[in-house]
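The values are calculated or read from the model by the stated rules, or taken from the named source; none is laboratory data. Quick caveat, the model's predicted, so the values are computed rather than measured. Counting neighbours? That spans all protein chains shown, and the Cβs are built from the backbone with ideal geometry, glycine included.
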Amino acid sequence: MGEDKSLLNSNVERLSRELEASGCERIIIMCGSEDRADLFPGECHIDTKETLAESLFDLISTLPGTIQLAPCDAYLADEELFKKTLGVPIDDEGNRQPLLAKFDSKDELIQSQKISQMFEKIPSCEGGIRARNINTPEEFKEIQSFLR
């Protein structure tokens, strides 16, 4: 993207507001390394393992109840998407987006170094364009007309 996706469009703060509006009571930001913790408001969690999947698995294993994930590159995810999600959303291009999953912490996750494998047992659900993640400047340009 040419810049930190988590800071682009103040998306972490925007996602936090959308999650709160959808009823999330606790928001934990996985910030990567300790030197990034000051970049984000609220409760930050430092990655504990070598891969995101392993760090996420470690964190999820400590949390009770329903968990809603929201990656920093989900620029169109909003309250409506979070309220209707139950499982792993499928975006408008037919891709499963496990980092937008909503599931119960008792659901069986697969311990893996890959996010896609970790969520294989979690069922899919409709997500549409709001579930699309953005990885390139071209993709970001494509969705700018949808940004609020």
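Listed values, structure above:
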quantity: Residues satisfying the stated conditions in the stretch 100-115, i.e. surrounded by 15 or more Cβ atoms within 10 Å (Cβ to Cβ) and at pLDDT below 95; calculated: D107, L109, S112, I115
quantity: Residue match in the stretch 8-17 (condition: of a type in the set (D, E, K, R) and either in contact (Cβ under 8 Å) with a residue 60 or more places away in the chain or more than 21 Å from L147 (Cβ to Cβ) (or both)); calculated: no
quantity: When residues of the stretch 52-78 are limited to those that are surrounded by fewer than 14 Cβ atoms within 10 Å (Cβ to Cβ) and of a type outside the set (G, A, S), the one nearest to the chain's Cα centre (by Cα); calculated: L63
quantity: Filtered residue count, the stretch 29-50, keeping only those that are touching a residue at least 12 places away in the same chain (Cβ under 8 Å) and acidic (D, E); calculated: 4
quantity: Residue in the stretch 42-49 that is part of a loop (DSSP other than H, G, I, E, B) and of a type in the set (K, R) present; calculated: yes
quantity: Index of the failed condition, L81 passing every other in (1) surrounded by fewer than 15 Cβ atoms within 10 Å (Cβ to Cβ); (2) in contact with a Leu (Cβ under 8 Å, 6 or more places away or on another chain); calculated: (1)
